[in-house]
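The values are calculated or read from the model by the stated rules, or taken from the named source; none is laboratory data. All values derive from a computational prediction rather than experimental measurement. FYI the Cβ positions are ideal-geometry reconstructions off the backbone, even for glycines, and counts take in every protein chain you see.
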Amino acid sequence: MLGGPRLLTFLLILLVGVLALVYAEDSPAEDSAAPSGPASGSPKAKVAPVEDTVQGHKIVDRYRYLENPNDPDTKLFVEQELSYTRAILDPLPGRDKINARLAQLLEIGTVGAPQMGGRYYFHSRREGSQNQPILYVREGLNGGLNDGVNNGLNNEDRVLVDVNKLSTDGTVALDWWFAAEDGKYVAYGTSASGSEESTLHIIETATGKVLPDTIDRTRFASVAWMKDSSAFYYTRHPKKGEVPDGEEVYHVKVFYHQIGSDPAKDPLIFGEGRNPQDVPSVALSEDDRWLLIDVGEGWTKTEMYLQDLQSKNPPLEITTGKDFLYGADFFADKLYITTNEDAPHYRVFVADATNPKRENWKELIPQSDAVLQGASVTGGKLLAQYEHNATSALKLFGLDGKKLADLPLPSIGAVFGASGRYDRDEIFFGFQSFTVPPSIYRVDLTDMKSALWAKVDAPSIDPSAYDVQQVWYTSNDGTKVPMFVVSKKGIEKNGKNPILLTGYGGFNISLTPTFSRSMYLWMEHGGIYAPTCAAAPSSAKTGIAPACWRKNRASLMISSPLVNT
């Protein structure tokens, strides 16, 4: 999750700089003379060698001090770099036009798929010049007018949490949120100034009242509510002084909090004595009997622990310690486990919660040519999301593993936030593509029909004026890798067009067809946008990359006239 936002920020900065040059080339000669930069040239960082001996090898780091942002030499170098950059960019013509158009494009909002809790539907949305998304709640599917339950309520979503009002500069973020099973409460995390150091708050949905329960040190928290909303399990970092200095970002543990109690006295449930870098997450079965703790050990391994809350026994490890990823969902005393264990494209097992050891698992859905990204129980069925050739697919299976249906999608694109509930005959999913702004769809499982539930309006662009192609190239190991080429319709691909070619593969993040507001500025001026997939494991049968990820793959950003066909 950390790689995506940083990649987009880098792309935006790169985009503005290159577009300034495009504007300069399009401007009259008398207005387009761009400076070559200060005569003294680019700043030079101070050289201050530091020598380390690692496994018998001497390694010299000439710029170690730059790792410390408070070092006076670091501050001086940054100031010099900024001054040098501004001296080159500021005089370029067209910057005001770029700024105005980019501001207009960035006002195109965002919308998230809803979570369901009781009679409530919770979702986030950002509109116009809002800095941060707002958490809304809707009572009843249609706002209470047509569901026969909430008669008398208006048809508008109600603001539940608006973090834009918590700071004058709009830098307090809504990091995450978890609705209770019955929707009575929502636990949510906020952090200031991009710190991601979340503080957990609880708000009562019906009244909008924020409870006094406040829990700090809940960065990237996982929360699992008890069925009656009286308490929840959650993850928390240590406070300063509880662990060695500098390790406060590690040592995540699981705690239990009763509403109205003192968080400082919350009992520790799991995590003592483990590797400091382990990251647990929590989930509860629908009857509150089973607590599942999924422990991340880096990006390539997880372990699962199951605790019977009706007994006094500690959590039992149900995986075998191998380097694979596991995730699971509950239903009727069974675990539905998604894993890449001996299956790089992932598969689904089922196990009895009363007898969950690995040797008792039964394969339910075998791996396929597509990569299974997750499976969850909804409406007594299994909803599975796949990725194939860098695009999404949704499939529905019975609890016996038999395929029931392919859920229709609007077009080739990317699904996000697909979810349902074990006791509801409805599914929500978000959808977007290069020329399709984010939209939310609802699927009625009784007739498999889908309908638009919410969407982002983008009046300042005409997506129909752009063309999307998927092409393939062969990597060094023979794998066929997909790449998308997005441009204005009718543009001649003659090898002279500026192109932004970008690839990414870190943190198991794929570059799929997503709607990029800022990229339209690039394409409006003749630029071609070409997101490609980092080399991925190929299918043994086809030699084709089924998805676009590989661990620890760096990103690639190039701007040059490369696309010819």
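Within segment 40-49, work out how many residues are over 17 Å from residue 81 (Cβ atoms) and modelled with pLDDT under 95.
The total comes to 0.
I'm trying to understand the selection: among the residues of segment 55-89, which are of a type in the set (A, V, I, L, M) and surrounded by fewer than 11 Cβ atoms within 10 Å (Cβ to Cβ)?
59, 60
Within segment 395-416, count every residue that is touching a residue at least 40 places away in the same chain (Cβ under 8 Å) and within 27 Å of residue 516 (Cβ to Cβ).
Residues that pass the stated criteria total 6.
Taking segment 435-464, which residues are in contact with a helix residue (DSSP H, G or I) (Cβ under 8 Å, 6 or more places away or on another chain) and farther than 21 Å from residue 114 by Cβ?
Those that are in contact with a helix residue (DSSP H, G or I) (Cβ under 8 Å, 6 or more places away or on another chain) and farther than 21 Å from residue 114 by Cβ: 435, 460, 461.
Does residue 251 meet the test of being within 18 Å of residue 187 (Cβ to Cβ) and either touching a helix residue (DSSP H, G or I) at 6+ places or on another chain (Cβ under 6 Å) or modelled with pLDDT of 95 or more (or both)?
No: the conditions fail for residue 251.
Please go through segment 461-492 and give me each residue that is part of a strand (DSSP E or B) and basic (Lys, Arg), ordered by number.
Scanning segment 461-492 gives 480, 488.
Being hydrophobic (A, V, I, L, M, F, W, C) and in a strand (DSSP E or B) is the filter here; which residues of segment 305-364 pass it?
306, 316, 328, 330, 331, 335, 337, 348, 349, 350, 351, 364 - these are the residues of segment 305-364 that are hydrophobic (A, V, I, L, M, F, W, C) and in a strand (DSSP E or B).
Could you check segment 195-208 and list, in sequence order, the residues that are in contact with a strand residue (DSSP E or B) (Cβ under 7 Å, 6 or more places away or on another chain) and either part of a loop (DSSP other than H, G, I, E, B) or in contact (Cβ under 8 Å) with a residue 60 or more places away in the chain (or both)?
196, 197, 198, 205, 208, listed by residue number.
For segment 197-248, give me the residue count where each residue is among the β-branched types (Val, Ile, Thr), out of contact with any His (no Cβ under 7 Å at 6 or more places or on another chain) and loosely packed, with under 15 Cβ neighbours inside 10 Å.
1
Scan segment 251-298 residue by residue and report those that are touching a Lys or Arg at 6+ places or on another chain (Cβ under 7 Å) and on the phi > 0 side of the Ramachandran plot.
Passing the criteria: 271, 288.
Being surrounded by 17 or more Cβ atoms within 10 Å (Cβ to Cβ), without any contact (Cβ under 8 Å) to a residue 60 or more places away in the chain, out of contact with any Pro (no Cβ under 7 Å at 6 or more places or on another chain) and closer than 30 Å to residue 271 by Cβ narrows it down to one residue among 340, 355; which is it?
When all the criteria are applied, what remains is 340.
Among the residues of segment 402-421, write down those that are farther than 15 Å from residue 434 by Cβ and assigned to a strand (DSSP E or B).
Residues satisfying the conditions are 403, 404, 405, 406, 407, 417, 418, 419, 420.
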